[in-house]
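The values are calculated or read from the model by the stated rules, or taken from the named source; none is laboratory data. In this text, all values refer to a predicted model and were calculated from it rather than measured experimentally. Every residue, glycine as well, gets a Cβ built from its backbone with ideal geometry; the counts of neighbours run over all protein chains shown.
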Amino acid sequence: MSGGIPLIERAGEQGDRVALLDEAGEHLFSELLVAARKVAGGLLQGRRDLQEARIAFILPPEADYVATLWGIWMAGGVAVPLCTTHPAPELEYVLKDTQAEAVVVHPSFQEKIREAGGQLQLRMLPSGRWADAEPASLPCIEMGRRALILYTSGTTSRPKGAVSTHRNLQAQIRCLIQAWAWTPQDRSLHVLPLHHTHGIVNALLCPLWAGAVCEFSAGFDARQAWERFMAGGIRVFMAVPTIYSRLIAAWDSASPDEQVKMSQACRSLRLMISGSAALPVSAFEKWKQISGHSLLERYGMTEIGMALSNPLHGERRPGTVGRPLPRVEIRLSGEDGRPIEGEGRQGEIWVRGDNVFAEYWQRPQETREAFCRGWFRTGDVAVVEDGYYRILGRRSVDIIKTGGYKVSALEIEEMLRTHPQVQECSVVGVEDPEWGERVCAAVLPRTGCSISLDQLRSWAKKRMAVYKAPSALRVVQNLPRNAMGKVMKPEVKKLFENPLDESDNHIL
């Protein structure tokens, strides 16, 4: 009945075990499978196979999310999860780029999707409409079929859709099941976005594969997270450095008696993981002091899932991302493409294995450029120190890692240039202990115009994801350029070296 998809076949083996907990209560594996089959039937509408039609969906963290994801796969479709916080223009871009046939929409997002997809020829399907749908005869799904498209910003000005097959997803999940020892006895608290590989693969599909319980939290609130830890039962927690910073701040503001209870609660967890951005060593040490946990930091990206990880058992070194994961090949390469060997030498991380994605959606040239002799070129530079990999940064200065997201400075610049008061601009990432990097903009206003950070952010958040909106602003008379007229971004970064005054500190 699963169509040959191993993840869903494993769910069938779990029977009446609890799979998920959301605001509506507990959901059994068997219930999710029944719901998923109805979704598949509703999508097929008499067809035998969706044949890799792209089906987008925008749903809050709840059981319907999983039923919809599985139902799309069962029907032979390619799942395109949309970000619930993105403004309509960004959603429209994804819907257009994937040529989505339909979009499954929770009632709370219907107006946004109508705005985003009003000019597109696609079906808008309300979530929950499948209750009376008849289960359909399902196609047989081969492992090499496309399964998932997640959008990630690269060195170009617009996001690219990274396509993963069912084989890719299985490889990504199985290596983490082995490396992090997931078991049916685990219970995880899920607070991550569900349009991102960290939230989908690591924090959702892994516990489902293992037969563990995944508890959804509607958004992240530091105090609520602490209360859940103190209630007991949680064994695994995954988050980005920004979330750990907020948990630390909540602990610092608690009374001494509360701090003791909060710290004791952490001892009942077996594993706490940080990823999607570099974890400051200061945060690593502070969290260890508070919780007793040495956070397990790992390295991955949308195109490859996870590739490197500090060990489950053994030394977890702050400032590093550990060693290669099971069945993932890693090498460092120089600019000439030759392998770099030896301790202390730096090079670009290249990755090979079944975990590596299939292609960038409808971008054959960019797909070819991303690979070399079967190796995926990540664009991240690292150094190996006593066997542990330490990330040094991106080859391109135009990729900014902020709050667990990779964003393109070029994309942000293109949008800011459409502001009626902006003549020219340059966007850079500036190191920040909470966010990893802050998105900072140097702006040259049009003649006779002025602009403030509040105005710029308010305008930008209506047109791009909130984490892409600049959190610091410098108004300049000229942008530093070289003899060829190209903006020198290292010089732009220097504009933000001095302590930022209150007008610059508008981080949401």
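The one condition from (1) touching a Pro at 6+ places or on another chain (Cβ under 7 Å); (2) assigned to a helix (DSSP H, G or I); (3) without any contact (Cβ under 8 Å) to a residue 60 or more places away in the chain; (4) not acidic (Asp, Glu) that residue 264 does not meet is (1). Pairing residues of region 55-72 that are not assigned by TED's automatic domain parsing to the domain that holds residue 86 and buried (at least 24 other Cβ atoms within 10 Å of the Cβ) with residues that are at pLDDT below 95 and β-branched (Val, Ile, Thr), at Cβ distances under 7 Å and at least 6 apart in sequence or on separate chains, gives no pairs at all.
Evaluation of residue 365 against the conditions (1) of a type in the set (S, T, N, Q); (2) crowded, with 16+ Cβ neighbours inside 10 Å; (3) free of Cβ contacts under 8 Å to residues at least 40 places away in the same chain shows that the sole unmet condition is (2). No other residue among 283, 277, 307, 265 is in the same structural domain as residue 203 (by TED's automatic domain parsing) and under 17 Å from residue 392 (Cα atoms) apart from 277.
Scanning region 427-454 for residues being assigned to a strand (DSSP E or B) and over 30 Å from residue 244 (Cα atoms) gives a total of 3. For region 87-100, the set of residues classified as crowded, with 18+ Cβ neighbours inside 10 Å and charged (D, E, K, R) consists of 90, 92, 97, listed by residue number. Assess whether residue 474 counts as being among the charged types (D, E, K, R) and more than 32 Å from the chain's Cα centre (by Cα). No, not satisfied. Within region 105-127, can one find any residue that is within 21 Å of residue 28 (Cα to Cα), surrounded by 14 or more Cβ atoms within 10 Å (Cβ to Cβ) and either of a type in the set (Asp, Glu) or in contact (Cβ under 8 Å) with a residue 60 or more places away in the chain (or both)? The answer is yes, given that some residue of region 105-127 is within 21 Å of residue 28 (Cα to Cα), surrounded by 14 or more Cβ atoms within 10 Å (Cβ to Cβ) and either of a type in the set (Asp, Glu) or in contact (Cβ under 8 Å) with a residue 60 or more places away in the chain (or both).
Scanning region 48-67 for residues that are closer than 22 Å to residue 220 by Cβ and either part of a helix (DSSP H, G or I) or of a type outside the set (Asp, Glu) (or both) turns up 57, 58, 59, 60, 61, 63, 64, 65, 66.
Of the helices (runs of 4 or more DSSP H) contained entirely in region 108-212, those carrying at least 3 residues that are modelled with pLDDT under 95 and out of contact with any strand residue (DSSP E or B) (no Cβ under 8 Å at 6 or more places or on another chain) fall at 110-117.
Here residue 314 fulfils each of the conditions (1) in contact (Cβ under 8 Å) with a residue 24 or more places away in the chain; (2) of a type in the set (Gly, Ala, Ser); (3) within 28 Å of residue 180 (Cα to Cα) apart from (1). Condition first: in the same structural domain as residue 101 (by TED's automatic domain parsing), in contact with a His (Cβ under 8 Å, 6 or more places away or on another chain) and at pLDDT 95 or above. Can you find one or more residues in region 21-37 that meet it? Checked region 21-37: at least one residue is in the same structural domain as residue 101 (by TED's automatic domain parsing), in contact with a His (Cβ under 8 Å, 6 or more places away or on another chain) and at pLDDT 95 or above. The residues of region 281-311 include none that are on the phi > 0 side of the Ramachandran plot and without any contact (Cβ under 8 Å) to a residue 24 or more places away in the chain. Only one of the numbered conditions (1) surrounded by fewer than 21 Cβ atoms within 10 Å (Cβ to Cβ); (2) closer than 23 Å to residue 276 by Cβ; (3) in contact with a helix residue (DSSP H, G or I) (Cβ under 6 Å, 6 or more places away or on another chain); (4) of a type in the set (A, V, I, L, M, F, W, C) is not met by residue 469, and that is (1).
Looking across region 358-376, just one residue is part of a strand (DSSP E or B), farther than 20 Å from residue 96 by Cα and under 21 Å from the mean Cα position of the chain (by Cα), and that is 376. Looking only at region 213-246, filter to residues that are of a type outside the set (Gly, Ala, Ser) and in a loop (DSSP other than H, G, I, E, B); which one of those is farthest from residue 11 (Cα to Cα)? Looking at the filtered set, the residue picked out is 221.
When region 171-206 is limited to residues that are free of Cβ contacts under 8 Å to residues at least 40 places away in the same chain and crowded, with 23+ Cβ neighbours inside 10 Å, the one that is nearest to the chain's Cα centre (by Cα) turns out to be 203. Among residues of region 462-490 being charged (D, E, K, R) and modelled with pLDDT of 90 or more, the one that is nearest to residue 196 (Cα to Cα) is 468.
Within the set 314, 319, 344, 379, the sole residue that is in a loop (DSSP other than H, G, I, E, B) and more than 30 Å from residue 267 (Cβ to Cβ) turns out to be 344. Contact map, region 6-25: residues that are over 23 Å from residue 128 (Cβ atoms) and outside any helix (DSSP H, G or I) paired with residues that are of a type in the set (Gly, Ala, Ser) and modelled with pLDDT of 95 or more, Cβ distance under 8 Å, separation 6+ or inter-chain. Pairs shown: 15/30; 17/211.
Scanning region 431-466 for residues that are of a type in the set (Gly, Ala, Ser) and either closer than 30 Å to residue 279 by Cβ or not assigned by TED's automatic domain parsing to the domain that holds residue 413 (or both) gives 436, 441, 442, 460, 465.
Scanning region 111-133 for residues that are under 20 Å from residue 51 (Cα atoms) and among the charged types (D, E, K, R) yields a single hit, 123.
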